[in-house]
Amino acid sequence: MIEGKIVTIGEILVEIMATTLGHGFLEAQTLIGPFPSGAPAIFIDQVGKLGHPAAIVSAVGDDDFGTVNLDRLKQDGVDVSAVAIHPGAATGSAFVRYRPDGGRDFVFNMRDSAAGRIDATPEAQAVLAEAGHLHVMGSGLPVPAVFGMVSASIPAIKARGGTVSFDPNIRVEMLRDPAGKAAFQTVLAATDLFLPSGEELSLFSGEADEGRAIAALLDAGVQEIVLKRGKAGASHFDRNGRTDVPGFVVEEIDPTGAGDSFGATFLVARRLGKPVEDCLRYANAAGARTVTVKGPMEGTSSFAELDAFIAATPVGAA
Ligand code: ATP
Ligand code: MG
């Protein structure tokens, strides 16, 4: 492992959410937002809050939604020098409404927004040239320039002793597209730390059984796998075996962002040299804190906040 910033590439969005449970947006209703959002942005905000050097390569419009995001990321210590501001383009947005069954309906404006125009600007290249670690978020890979930067910077980062983590964050449709599948496989082949949740593990390994899926990924060269299990916590796997840490018992208000905060926290704790079990505990705490607050980035945490939360919150059954 080398020193240096944790860098991620991908979408910055605002999230605007319905205040009532129900199906979609076919009638006028009360909404709350804009909240800063976008999986890579939530992830990097959490890295910044933990005091680790952090930067994001992205793009926003020249509008209030962009400002909301840039102000938050700067406030939390993230280098936003590689976030391009496109005059005349709108910052990306996601309208979300939770269904009574826990599902979600979305209206996305991503591809046609500034987030669809992320590009390898000189500022982006400068940030990537100094990265000690690259975190790849699968949700951004369908943007060709994002995948272009990811695939170009991985060999350079590895050549100087840096590392790569990968949170697939996928919708199944992305893997049905042959180009999408190839992009995911390219990243996976270079991944040191893989952070899947739920069915993502079997989608990637082609093995339905959890143990066989883990073995296949370790054999393919992934160094560490952390499987996120929602309220049940998380498990870590490497060549030496497995470590399971149960989740914290909290009231879930808004699940969005849990996986992103979790991944950032595990990664930072690991880079600080903490034992795996402590890293999982901190990451579970970060994920659990995120779900107790409305808004995907509103529950990101400093180490002091995580320590206080861990001291005060019961742990679920193992
Ligand atoms: P996302 O919806 O952000 O993509 P994910 O599917 O990647 O999430 P999850 O497993 O849902 O990841 O959540 C990540 C972590 O957050 C879990 O491993 C757990 O530590 C914590 N977490 C999530 N939901 C809850 C909950 N309801 N109660 C306690 N902890 C939770
Ligand atoms: Mg996820």
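GLY92 falls short on exactly one of the conditions (1) modelled with pLDDT under 95; (2) under 19 Å from the mean Cα position of the chain (by Cα), and that condition is (1). The set of residues in the stretch 202-245 that are of a type in the set (A, V, I, L, M) and either farther than 19 Å from CYS279 by Cα or over 22 Å from the mean Cα position of the chain (by Cα) (or both) comprises LEU203, ALA208, ALA213, ILE214, ALA215, ALA216, LEU217, LEU218, ALA220.
Let's see how each residue does on (1) within 16 Å of ligand 2 (Cβ to nearest atom); (2) within 25 Å of GLY92 (Cα to Cα); (3) surrounded by fewer than 20 Cβ atoms within 10 Å (Cβ to Cβ); (4) of a type in the set (S, T, N, Q):
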{"residue": "ALA114", "(1), (2), (3), (4)": "no, yes, no, no"}
{"residue": "PRO122", "(1), (2), (3), (4)": "no, yes, yes, no"}
{"residue": "ALA126", "(1), (2), (3), (4)": "no, yes, yes, no"}
{"residue": "GLY148", "(1), (2), (3), (4)": "no, yes, yes, no"}
{"residue": "LEU175", "(1), (2), (3), (4)": "yes, yes, yes, no"}
{"residue": "THR186", "(1), (2), (3), (4)": "no, no, yes, yes"}
{"residue": "ALA189", "(1), (2), (3), (4)": "no, no, yes, no"}
{"residue": "LEU193", "(1), (2), (3), (4)": "yes, no, no, no"}
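Within the stretch 185-203, residues that are among the aromatic types (Phe, Trp, Tyr) have Cβ atoms under 6 Å from residues that are within 15 Å of ligand 2 (Cβ to nearest atom) in these pairs: PHE194/PHE166; PHE194/ILE225, counting only partners at least 6 apart in sequence or on another chain.
For HIS52, the test of being touching a strand residue (DSSP E or B) at 6+ places or on another chain (Cβ under 9 Å), assigned to a loop (DSSP other than H, G, I, E, B) and farther than 23 Å from ALA18 by Cβ is passed.
Scan the stretch 298-308 for residues that are of a type outside the set (Val, Ile, Thr), within 15 Å of ligand 1 (Cβ to nearest atom) and not in a helix (DSSP H, G or I) and the total you get is 3. Number of residues in the stretch 244-281 that are farther than 11 Å from GLY233 by Cβ and either more than 10 Å from ligand 1 (Cβ to nearest atom) or outside any helix (DSSP H, G or I) (or both) equals 22.
Among the residues of the stretch 11-26, is any among the hydroxyl-bearing types (Ser, Thr, Tyr) and buried (at least 24 other Cβ atoms within 10 Å of the Cβ)? No, because not a single residue in the stretch 11-26 is among the hydroxyl-bearing types (Ser, Thr, Tyr) and buried (at least 24 other Cβ atoms within 10 Å of the Cβ). Residues in the stretch 282-297 that are within 15 Å of ligand 2 (Cβ to nearest atom) and either modelled with pLDDT under 95 or not in a helix (DSSP H, G or I) (or both): PRO296, MET297. Pairs meeting the criteria (first residue in the stretch 250-267 and more than 12 Å from ALA283 (Cα to Cα) and in contact (Cβ under 8 Å) with a residue 12 or more places away in the chain, second residue in a helix (DSSP H, G or I) and more than 6 Å from ligand 1 (Cβ to nearest atom), beta carbons under 7 Å, at least 6 apart or on different chains) are GLY257/ILE42; GLY257/THR290.
Taking the criterion of being in a helix (DSSP H, G or I) and within 16 Å of ligand 1 (Cβ to nearest atom), the only residue of the stretch 142-172 that qualifies is VAL172.
The values are calculated or read from the model by the stated rules, or taken from the named source; none is laboratory data. Quick caveat, the model's predicted, so the values are computed rather than measured. Cβ atoms come from the backbone with ideal geometry, glycine included; neighbour counts cover every protein chain shown.
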